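Reviewing the structure listed below.
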Amino acid sequence: MPLTRASLARRMRRVGLAAVAVATAVVSTLVLAAPASAATYRYDCRRLSGNGSYSHPLALGNVTGRTVVAVNCPPLTSGAGYAHRYFSFTLTRPARVPSYAGASFALDASRRSAVNPSLSRGPYTVMHTGAGLWTYNRSGVANGRYLPLGPLPGGGVLAAGTYRLDLQKLDSPLRSLSTPWFDVVVAAS
């Protein structure tokens, strides 16, 4: 799951060496298992309360000090109202390093459209999907996209509060009709 040499070079040119060091540290934490002190809770994505809309996101609950995984989320498909799915979660204290939120998925020839995260609090976007960090399988195929909650790209950590995680399909309908099934992961140590 390490960054490829080409993507690392692009990132250096785009955001500078300091930001790359932070991004590399966050991506390397994604490879590691959750801290032994953190419990992992798994839920069926289709059984969460809420309908996945902007005003009624699927509720993941409190995630402070644990990892919450919503498994088997249906694909995001092209077309109005179907290219986004919203989840909410609450941090009861500021996130600690390492903490992240996003999606894991398996791309293949028929499912080339990734699941892309962005994060907001109320009406304000905290992190756009462009801040997402890719993870890769051993064959070099993308298998996840995550936003760092601690450390944040500009430094610091995400404050306590309730957030909305927007998972979206960005590719045009002509490139792919849907994303693969995916899992939502929020790990706040």
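Every number in this text was worked out from the coordinates using simple rules, so none of it is lab data. All values derive from a computational prediction rather than experimental measurement. Cβ coordinates were reconstructed from backbone atoms using ideal geometry, including for glycine residues, and neighbour counts include every protein chain displayed.
Once every Cα of segment 81-133 carries one equal point scatterer and solvent is ignored, give the base-10 log of I(q)/I(0) from the Debye formula at q = 0.18, 0.23, 0.32 Å⁻¹, two decimals.
-0.77, -1.14, -1.48
Taking only the Cα atoms of segment 41-178, how large is their convex hull per residue, in Å³?
With only Cα atoms used, segment 41-178 gives 116 Å³ per residue.
Could you work out how far apart the two model spin labels at residue 56 and residue 39 are, taking each label as a point 7 Å from the Cα in the direction of the beta carbon, and quote it in nm?
Reported label-point gap for residue 56 and residue 39 is 2.9 nm.
Pop a pseudo-label 7 angstrom from the Cα along the beta-carbon direction at both residue 120 and residue 139 and give the gap in nm to one decimal.
Inter-label distance under the simple model: 3.6 nm.
Taking amide hydrogens as modeled 1.01 Å from N in the peptide plane, which residues meet the under 5 Å criterion relative to residue 149, leaving out close sequence neighbours?
When sequence neighbours closer than 5 places are left aside, the close amide H contacts are 99, 100, 101.
Cβ neighbours within 10 Å, averaged per peptide: list 181-188, 67-74, 133-140, 156-163 in order, most packed at the top.
Ranked by mean Cβ neighbours within 10 Å, highest first: 181-188, 67-74, 156-163, 133-140.
Packing-wise, with mean Cβ within 10 Å as the measure, how do 120-132, 89-101 rank, highest first?
Taking the mean over residues of other Cβ atoms within 10 Å, the ranking is 89-101, 120-132.
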